[in-house]
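S.K.: Got a structure for you, written out below as structure tokens; questions coming shortly.
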Amino acid sequence: MMDNPDHPLHETVLGRQSIFSQRLFQIQCSTDRFRRSFLPKAIIIFKVKAAETMESTRRRPQHHANGKGSEAVEKSAQWGRAWEVDWFSLIGVVGLLCFAPFIVFYFVMACDQYECSISQPLLDLCQGKATLLSIWARAPSFTWTAAKIYAIWVSFQVFLYMCIPDFTHKFIPGYVGGVQDGARTPAGFINKYEINGLQCWIITHALWFANANYFHWFSPTIIFDNWIPLLWCTNILGYAVSTFAFVKAYLFPTNAEDCKFTGNIFYNYMMGIEFNPRIGKWFDFKLFFNGRPGIVAWTLINLSYMAKQQELYGHVTNSMILVNVLQGIYVLDFFWNEAWYLKTIDICHDHFGWYLGWGDCVWLPYLYTLQGLYLVYHPVQLSDTHAVAVLLLGLVGYYIFRSTNHQKDLFRRTEGACSIWGRKPTYIECSYLSADGRSHRSKLLTSGFWGVARHFNYTGDLMGSLAYCAACGLGHILPYFYIVYMTILLVHRCVRDEHRCSSKYGKDWRRYTDTVPYRLIPGLPTSSPIAPEGEEELPVSGFTHCQIDKQLTVNGNLEIFMR
Ligand code: NDP
């Protein structure tokens, strides 16, 4: 195809060489890299566009009831990040890149300077009582002490992750650890992961308690005492990791066939290019950054807040204990099920960019722990009834969250040969086409919580999130940020997931949504992104049988032959 100068693929290849990528491309790319990485990607984009053009021509006269053309539905049905970026997304991306660090700063500063009032700083600014500069000047700045603490912390987590293979699975019954397979990537790779998160969490916390009770190397309030200076360090790491992953994707991608380029550097930077960037065989960016500096830290941060309450007021409130316990259960659950996490959307569908890199380093540890921070400034002692109600809400939410995830996992692992709620599970048989045009079979569970609503795991998660917030009483809005954020996150995720499933399973997904009509809340019907009856769905990748003559993997290279 490349030998034929009139072949339209040339246009796509040239179009892909944006000024930036062309420069990188020329410095770095050998003929081999061109053949192995750049060209297959260009071919994929070319074919997706060809598929879209053909489909839109075929379907042009048909329009959905909501006025959207089928092409729009198909484009939105793509999972994960897009191939092309519209202006609206671009503005959102640039806005987030510029302002997200200030959103985090605003919340932390509001606690530090305004006793956790989120309206007062704005009122002061409007009334001229404060200026942005005066607020900035009052905020503690970067310190070398914080930099040392953070460097030791991250290095220690890297050491635990890389140097101590999991041994806990050998003596904890039922725990799945050690080397595990991830899900198949779009290019067909199955990565291996060393699952040792639970072990890292246990060692880290054992050391924390040993220090607090015996060694006294540092104060247990160390995290709270350096909270804003640490924000600088987490941001430095967050941006450094995202930038490294971005450059790495151009220069030395781990699996070039799994990269996704749009030609827009801001979008590429934010949503990521590489699917599973790694250094060496085992250092997996997604698994490490999501789990280790962020989620291991979550419970330590809460413990530091608890220690600060004790230091300031001489006692710890029941609300602080509730927040520690409920969030502790959630974190432990995450590590107990780390192998299961390899099959979730984060690992299976999202690319690694600023969104995950910076999010894991900064957004997660700072904004997921706002309740504990708030309780240091406002030590709320709940009535027994309130405390029990919060505990029940949190535990019921957790039970639903865990059981729902477990039911799907069990069902898929055993291919339906299991028992759910004491009965043989019911399900819908479905089929889908993969990128190579092959047909596969799958099953959608309609028993247990998956028969109650299509995303009841999210509902349980939201109940738990509400419990953390409700533990802080009704004095301020700030601790409720978490439930607002989680609602937006999970509703958006639910919609994205349903677009993807609708695109993947087509009519079978329609049968499923007819059987289980509710998305998150039983009794609350929702419209679903289902393609109208009679329309053929595109397979997941946007390829159709008719356009692919042959797709072969020769010596590890993707070769596509077109009619
Ligand atoms: P799910 O675990 O719900 O997985 C969705 C996928 O499951 C679908 O894409 C589909 O994949 C498959 N599926 C959908 N319906 C069925 C069915 N009826 N039977 C069998 N399989 C089905 O989503 P996530 O990975 O997003 O979430 C995992 C957990 O993580 C959730 O509990 C969520 O609450 C939590 N979470 C927490 C976050 C936090 O920040 N605290 C953030 C994000 C998630 P397939 O293609 O295989 O059919």
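The values are calculated or read from the model by the stated rules, or taken from the named source; none is laboratory data. These numbers were taken from a predicted model, which means no experiment stands behind them. All Cβ positions, glycine included, derive from the backbone under ideal geometry; neighbour counts span all protein chains shown. For the accessible areas, the whole protein counts, side chains as well, though only heavy atoms, and no ligand, DNA or RNA atoms are used. Shrake-Rupley method; radii C 1.70, N 1.55, O 1.52, S 1.80 Å.
S.K.: Seen from all sides and averaged, what is the projected area of the convex hull of the Cα atoms in segment 280-356, in nm²? Don't skip to the end; give the middle numbers.
M.R.: On the way: hull surface 26.5 nm².
Over every viewing direction, the Cα hull of segment 280-356 projects on average to 6.6 nm².
S.K.: Amide H to amide H under 5 Å from residue 518: which residues, 5+ apart in sequence or cross-chain, H placed 1.01 Å off N in plane?
M.R.: Amide H neighbours of residue 518: 454.
S.K.: Taking a label point 7 Å from the Cα of residue 383 along the Cα→Cβ vector, which residues of segment 467-481 have an amide N closer than 14 Å to it?
M.R.: Within reach of a label on residue 383: 473-474.
S.K.: Something else: So what's the gap between the Cα centers of segment 308-338 and segment 92-119, to the nearest angstrom?
M.R.: With segment 308-338 and segment 92-119 each reduced to a Cα centre, they are spaced 24 Å.
S.K.: Once you have the Cα-Cα distance between residue 106 and residue 265, take 0.36 nm times their residue separation minus that, and quote the gain in nm to one decimal.
M.R.: On the way: separation 159, 0.36 × 159 = 57.24 nm, distance 2.75 nm.
Answer, rounded to one decimal: 54.5 nm.
S.K.: A further question follows. Can you list the chymotrypsin sites (Phe, Trp or Tyr not before Pro) in segment 469-531 that are in a DSSP coil and have 13 or fewer other beta carbons within 10 angstrom? Don't jump to the answer; show the numbers that get you there.
M.R.: On the way: sites: 480, 481, 482, 485, 505, 509, 512, 518; in loops: none.
Hits after loop and neighbour filter: nothing returned.
S.K.: List, in order, the whole-Hz ³J(HN,Hα) value for each residue of segment 397-410 obtained from phi through the Karplus relation with A = 6.51, B = -1.76, C = 1.60 and θ = phi - 60°; use x for Gly and Pro.
M.R.: Each residue's phi maps through the Karplus curve to give x, 5, 4, 5, 4, 5, 5, 4, 4, 5, 4, 5, 4, 4 Hz.
S.K.: Something else: Ordered by residue, what ³J(HN,Hα) values in Hz, to whole numbers, does segment 250-260 give under the Karplus form 6.51 cos²θ - 1.76 cosθ + 1.60, where θ = phi - 60° and Gly and Pro are x?
M.R.: Result, ordered by residue: 7, 8, 9, x, 5, 10, 4, 5, 9, 7, 10 Hz.
S.K.: I'd like the chymotrypsin sites (Phe, Trp or Tyr not before Pro) in segment 269-358 restricted to DSSP loop residues with at most 12 other Cβ atoms within 10 Å, sorted by number. Show your work: numbers first, answer last.
M.R.: Details: sites: 269, 275, 282, 283, 285, 288, 289, 298, 305, 313, 330, 334, 335, 336, 340, 341, 352, 354, 355, 358; in loops: 275, 282, 352.
Those that pass, being in a loop and sparsely packed, number zero.
S.K.: Turning to a different aspect of this structure: Could you check the spin-label model distance between residue 344 and residue 442? Points 7 Å from the Cα along Cα→Cβ, value in nm.
M.R.: 1.8 nm
S.K.: Another question, then. Taking a quarter of the surface of the convex hull around the Cα atoms of segment 87-139, what do you get in nm²? Write down the numbers at each step before the final one.
M.R.: Details: hull surface 16.7 nm².
Taking the Cα atoms of segment 87-139, their convex hull projects to 4.2 nm² on average.
S.K.: Taking all protein chains in place and a 1.4 Å probe, what share, in percent, of the accessible surface of segment 94-192 do carbon and sulfur account for?
M.R.: For segment 94-192, the apolar C and S fraction of the accessible surface comes to 70 percent.
S.K.: What full-extension length gain, to one decimal in nm, is calculated for residue 98 and residue 236 as 0.36 nm per residue of separation minus the Cα-Cα distance? Don't jump to the answer; show the numbers that get you there.
M.R.: Details: separation 138, 0.36 × 138 = 49.68 nm, distance 1.41 nm.
Difference between extended and current length: 48.3 nm.
S.K.: Step through the table entries 286/443; 424/504; 343/424; 286/343; 260/504, compare each Cα-Cα distance with 22 Å, and write down the pairs that go over it. Don't skip to the answer; put the middle values down first.
M.R.: On the way: 286/443 28 Å; 424/504 26 Å; 343/424 24 Å; 286/343 13 Å; 260/504 19 Å.
Distance filter (> 22 Å) returns 286/443; 424/504; 343/424.
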